[in-house]
Amino acid sequence: MPTNIQNFFQQTPFIHDFFVILRPFYVLRIFMDKKKFLTLTTTGFALFAMFFGAGNLVIPPYIGLKMGAASGAAFVGFFLSGIFIPFLAVLMVSSVGTTFSDLGKRFPAPFVNSLVVLTIVVFGPIVCVPRSGSTTYEVAIEPFFPAVGKITFGAIFFAITLFLALSRSKLVDIIGRWLTPILFLSLIVLIVEGTMNAPKGLTDNGVGFREAFTFGFSTGYLTLDVLSGVIFSGLIISAIIQKGYSSERQKREITILSGIIAAGCLIFIYGGLLYLGATSDVVAGENVKYIDILKHIAHNGLGSYGAVIISVAVAFACLTTAVAIVSAMGAIFETLSHGRIPYRWGVWACCIVSFVLSIQSVDEIIHYAGYILDFVYPITIALTLFMLLFGKRVKAKAPYIIGVSFTAVFSAIFVIGNLVGSETLKSVQMSLPLAQYHIEWLLPAFAVFGITYLVTNDK
């Protein structure tokens, strides 16, 4: 291997460790260590639970229904943005410390704080928490109690969320500990049964590889798992350290293997749901709703009682997700403000905003979320890739700050262009390299990073 490539791998430890860990004998030796095996399984399933949001369940069936026979290509794109890159985000946080805020050790506080606030506000009250409330209503309340209005239910849902977040009740942990396995097992049964008794085969919807990959990749943004990775990764990393694996090498090793376990579970669940969507007998019209596809699949696969079980599990899983995110927002704002914004203020603000936005349908929330995430995701992905690939080699702050800032401005311009329907900006966007894969920002971001490094390094 050429010396420059060897040096790159040495200064990019996660890539080196990844290939070392995947050696069969290395894996076997690790799993024969009882303590390490228990740690891996515990953190692996905890990482899975972190990414396994109930609101995410409506997305894979929708992709499958729309893509039909091209679902395989769509799943590759979805895997990258909805599973692999979120895992890289966890590794990125692990490389800088124990929480996303630890980036402050390397970069100016205003830069890091702005990223943290942007992430938690989008992740929390703007998208994920209102989607949790709306999903609960449409899955578990509206079909069985149609007389209950969405505003009435929303008030009840977020009142409970507010109470549990303010009291920091362990009830949430108890519910999550029981319901995640119930929901997981229910989905396994649904996927196995649905696969064996699919209403129809894969249908050619006239979608090519490139279009399917792009659709899967961009739709994967809606899982919000990259944002989940940077916000909640501290819980996983802290658990690893508490088990006695505190060195950088040990943290990477446990995180990578735990990530492989979590990814395996997510591939099965998401891939299975995508296949059920692709082989369902739902008509793939323009007005088909995300929720309706999941409900149809659950009812056909498990019958009325099975659908009720999944509905209840999804509802409570959405509640636990909402409480966790609301609590995280309160804690983050309290920490960043050094106590000037009390925990309860952040919790109240998150619940009120989420309640107002949750009155919209799941489809409406997903629609506006698409524009917001087209802005936020490139920023988070760019930072993740910069830190993982160059964090050990490039110590200067300027390349990261300017590279991320450029990505933000670059993405914002095209998001605004799409919102106002600017054909000029659209044509410029589509003329850029990799635009056909919805990652037109990637090469310019790396180019700006590299140019900034060369300029600042010369000085």
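The values are calculated or read from the model by the stated rules, or taken from the named source; none is laboratory data. Keep in mind that this is a model prediction, so the values were computed, not measured. Cβ atoms come from the backbone with ideal geometry, glycine included; neighbour counts cover every protein chain shown.
Residues in the stretch 93-118 that are at pLDDT 90 or above and surrounded by 24 or more Cβ atoms within 10 Å (Cβ to Cβ): there are none.
The rows are residues; the columns are (1) closer than 29 Å to residue 394 by Cβ; (2) touching a residue at least 60 places away in the same chain (Cβ under 8 Å); (3) in a helix (DSSP H, G or I); (4) out of contact with any Phe, Trp or Tyr (no Cβ under 7 Å at 6 or more places or on another chain).
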| position | (1), (2), (3), (4) |
| --- | --- |
| 92 | yes, yes, yes, yes |
| 98 | yes, yes, no, yes |
| 112 | yes, no, yes, yes |
| 118 | yes, yes, yes, yes |
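From 454, 373, 385, which residue is loosely packed, with under 15 Cβ neighbours inside 10 Å, at pLDDT 90 or above and either not in a helix (DSSP H, G or I) or not polar (S, T, N, Q) (or both)? Walk me through how you get there before you give the answer.
Values: 373 fails: loosely packed, with under 15 Cβ neighbours inside 10 Å; 385 fails: loosely packed, with under 15 Cβ neighbours inside 10 Å.
Criteria check complete, one pass: 454.
Of the listed requirements (1) charged (D, E, K, R); (2) surrounded by fewer than 17 Cβ atoms within 10 Å (Cβ to Cβ); (3) touching a Ser or Thr at 6+ places or on another chain (Cβ under 8 Å), residue 131 misses just one: (2). Annotation: of all residues in the stretch 350-393 being in contact with a helix residue (DSSP H, G or I) (Cβ under 8 Å, 6 or more places away or on another chain) and of a type in the set (Asp, Glu), the one that is farthest from residue 80 (Cα to Cα) is 363.
Considering every residue within the stretch 388-395, establish whether at least one is out of contact with any Gly (no Cβ under 7 Å at 6 or more places or on another chain) and among the small types (Gly, Ala, Ser). So that I can check it myself, show each step before the final result.
Taking the stretch 388-395 as the starting set, the residues that turn out to be out of contact with any Gly (no Cβ under 7 Å at 6 or more places or on another chain) are 388-395.
Narrowing further to those that are among the small types (Gly, Ala, Ser): 391.
So far as the stretch 388-395 goes, yes, one or more of its residues are out of contact with any Gly (no Cβ under 7 Å at 6 or more places or on another chain) and among the small types (Gly, Ala, Ser).
The residue of the stretch 56-71 that is surrounded by the most Cβ atoms within 10 Å (Cβ to Cβ), among those that are within 19 Å of residue 184 (Cβ to Cβ) and touching a Phe, Trp or Tyr at 6+ places or on another chain (Cβ under 6 Å), is 60.
Within the stretch 120-143, residues that are farther than 13 Å from residue 223 by Cα sit with their Cβ atoms under 9 Å from residues that are of a type outside the set (A, V, I, L, M, F, W, C) and not in a helix (DSSP H, G or I), at 6+ positions apart or across chains, in these pairs: 130/360; 134/360; 134/361; 138/289; 138/361.
Could you say which residue among 174, 156 is loosely packed, with under 15 Cβ neighbours inside 10 Å, in a helix (DSSP H, G or I), modelled with pLDDT under 85 and aliphatic (A, V, I, L, M)? Before you say what the answer is, go through the steps one by one.
Details: 156 fails: modelled with pLDDT under 85.
Result: 174 is the single residue among 174, 156 that is loosely packed, with under 15 Cβ neighbours inside 10 Å, in a helix (DSSP H, G or I), modelled with pLDDT under 85 and aliphatic (A, V, I, L, M).
The residue pairs whose first member lies in the stretch 192-215 and is of a type in the set (A, V, I, L, M), whose second member is in a loop (DSSP other than H, G, I, E, B) and surrounded by 13 or more Cβ atoms within 10 Å (Cβ to Cβ), and whose beta carbons are closer than 7 Å, counting only pairs six or more residues apart or on different chains, are 198/279; 202/69; 202/279; 207/70; 212/70. Residue 394 falls short on exactly one of the conditions (1) assigned to a helix (DSSP H, G or I); (2) in contact (Cβ under 8 Å) with a residue 24 or more places away in the chain, and that condition is (1).
Among the residues making up the stretch 401-451, those that are part of a loop (DSSP other than H, G, I, E, B) and surrounded by 15 or more Cβ atoms within 10 Å (Cβ to Cβ) are 422, 432, 438, 439, 440, 441. Applying a threshold of 7 Å to beta carbon distances and a minimum spacing of six or more residues, or different chains, the list of pairs starting in the stretch 279-292 at a residue that is over 13 Å from residue 205 (Cα atoms) and ending at one that is basic (Lys, Arg) and part of a loop (DSSP other than H, G, I, E, B) reads 281/200. Look at the stretch 338-363: where a residue is in contact (Cβ under 8 Å) with a residue 60 or more places away in the chain and under 15 Å from residue 117 (Cα atoms) and a partner is in a helix (DSSP H, G or I) and aliphatic (A, V, I, L, M), sitting 6+ places away or on another chain with Cβ atoms under 6 Å, you get 347/165; 347/166; 347/326; 350/326; 350/329.
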